[in-house]
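The values are calculated or read from the model by the stated rules, or taken from the named source; none is laboratory data. Predicted model, so just to flag it, every value in this text is computed and none were measured. Every residue, glycine among them, receives a Cβ derived from its backbone with ideal geometry; neighbour counts consider all protein chains shown. Please note that ligands, DNA and RNA were not included when accessible areas were found on the heavy atoms of the full protein model with its side chains. Shrake-Rupley method; radii C 1.70, N 1.55, O 1.52, S 1.80 Å.
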Amino acid sequence: RAKEKEHNSYKFFNAMMHTQMLNRLTLETDLYKALEQEEFIIHYQPVFDLIDDALVGFEALVRWQHPTHGLVFPDTFIPIAEDTRLITRLDNWVFRQACQQMAHWQQNFPNCSDLKISINLSAQDLQTYDLIDNIDTILTQTGLEGRSIIIEITESMLIEDIEKTVDILAQIESRNIQISIDDFGTGYSSLNYLHRLPVNNLKIDRSFVTQIQEENRNCQVVNTIIALSSQLELTSVAEGIERPQQLQKLKQLGCRFGQGYLFSKPLSPADIETNFLSR
Ligand code: C2E
Ligand code: MG
Ligand code: MG
Ligand code: MG
């Protein structure tokens, strides 16, 4: 009995310690080291054309292989990386790594030449004056063409400094890189600006896709986003498709592309190769 109690309190203490250790302060200091030691890895989630079920590309999603906490997901550390201004270095690393990976796949797998790699950027990246230089360097060094890249940025960051944003996005566009608005519908409304931005694609947030099979407001929101996309001659990608009914509904509403656990979770490069690429 005593032993069991001791065991339980030990377990409890341990869980508490774990939570505390995962607190901001620790993670903050660890993040600096993690960048030096390259403790990050990228998982890739396949994206599909919903019309013919063809694989069209992958979204690069960063994970932190923490020496003691194991795999840490971006929602835990991206906000800290943003606060500490480390995000630009991290995103630059992800950008390079993901382009290298895609270039490698294109060279080694014949069915890969038209696949695209989607890479997430944070607001701060767009404020960095050397973003375009960094992109050019990575394109030259990896040999990946701009047309193979899609940059994902969230809605809210686009309207912070609209003139500057238009300028940077235009420079990105001139490299034939596509631009996708991530989590569309969840941020501030940028409807006033959307037609001014060189954007190619709207990503419908998972929160709308979740309950789409019922005839409810989510369904109307998705319908509206898809209609807006086609009005502005943009494509739409639905994220977080988990159930066949959601897929059916999205197809019915005319959503062109999709990704989600129904197709595949984000996977390591090795698993992507075994499951989705063939020599
Ligand atoms: P996001 O760009 O909207 O990415 C989609 C998220 O939904 C990913 O979470 C993905 O794993 C998850 N997801 C995909 N399909 C499903 C599904 O069917 N069901 C559920 N429940 N979830 C699904 P993840 O990988 O944890 O990334 C979270 C967010 O972190 C991303 O949201 C993105 O905003 C950010 N992020 C990830 N990698 C990077 C990066 O390299 N740089 C920056 N700046 N942000 C990143
Ligand atoms: Mg994204
Ligand atoms: Mg998203
Ligand atoms: Mg999202």
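Could we say that residue 179 is under 20 Å from residue 259 (Cα atoms) and touching a Pro at 6+ places or on another chain (Cβ under 7 Å) here?
Numbers: under 20 Å from residue 259 (Cα atoms): yes; touching a Pro at 6+ places or on another chain (Cβ under 7 Å): yes.
It is true that residue 179 is under 20 Å from residue 259 (Cα atoms) and touching a Pro at 6+ places or on another chain (Cβ under 7 Å).
Just wondering, is there one or more residues in the stretch 127-137 that are surrounded by 19 or more Cβ atoms within 10 Å (Cβ to Cβ), within 30 Å of residue 29 (Cα to Cα) and at pLDDT 95 or above?
The answer is yes, given that some residue of the stretch 127-137 is surrounded by 19 or more Cβ atoms within 10 Å (Cβ to Cβ), within 30 Å of residue 29 (Cα to Cα) and at pLDDT 95 or above.
Every residue in the stretch 249-264 that is out of contact with any Asp or Glu (no Cβ under 9 Å at 6 or more places or on another chain) and exposed (fewer than 14 other Cβ atoms within 10 Å of the Cβ), please.
The one that is out of contact with any Asp or Glu (no Cβ under 9 Å at 6 or more places or on another chain) and exposed (fewer than 14 other Cβ atoms within 10 Å of the Cβ): 252.
Any chance you could count how many residues in the stretch 242-262 are among the hydrophobic types (A, V, I, L, M, F, W, C), in contact with a helix residue (DSSP H, G or I) (Cβ under 9 Å, 6 or more places away or on another chain) and under 20 Å from residue 60 (Cα atoms)?
The first filter runs over the stretch 242-262 and keeps only residues among the hydrophobic types (A, V, I, L, M, F, W, C), leaving 247, 250, 253, 255, 257, 262.
The next check asks that each one be in contact with a helix residue (DSSP H, G or I) (Cβ under 9 Å, 6 or more places away or on another chain); those that pass are 250, 253, 255, 262.
Of the ones still in play, those that are also under 20 Å from residue 60 (Cα atoms) are 262.
The total comes to 1.
Considering only the stretch 110-123, state which residues are away from ligand 2 (no atom under 16 Å from the Cβ) and buried (at least 16 other Cβ atoms within 10 Å of the Cβ).
We begin by selecting, within the stretch 110-123, every residue away from ligand 2 (no atom under 16 Å from the Cβ); these are 110-115.
Across the stretch 110-123, the qualifying residues are 112, 115.
Please find, within the stretch 159-175, the residue that is farthest from residue 105 (Cα to Cα) out of those that are β-branched (Val, Ile, Thr), at pLDDT below 95 and assigned to a helix (DSSP H, G or I).
Quick first cut of the stretch 159-175, residues β-branched (Val, Ile, Thr) only: 159, 162, 165-166, 168, 172.
Next, from what is left, pick out any that are at pLDDT below 95: 159, 162, 165-166, 168.
In the following step, the residues that additionally are assigned to a helix (DSSP H, G or I) were identified as 162, 165-166, 168.
Working: 162: 36, 165: 32, 166: 32, 168: 29 Å.
Here the answer is 162.
For every residue, the table says whether it meets (1) assigned to a helix (DSSP H, G or I); (2) under 26 Å from residue 263 (Cα atoms).
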site	(1), (2)
56	no, yes
64	no, yes
80	yes, no
85	no, no
90	yes, no
93	yes, no
99	yes, yes
105	yes, yes
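Residue check, residue 156 against (1) more than 23 Å from residue 90 (Cβ to Cβ); (2) within 16 Å of ligand 4 (Cβ to nearest atom); (3) open to solvent by 20 Å² or more (accessible area, probe 1.4 Å); (4) in a helix (DSSP H, G or I), all met but one. Which one?
(1)
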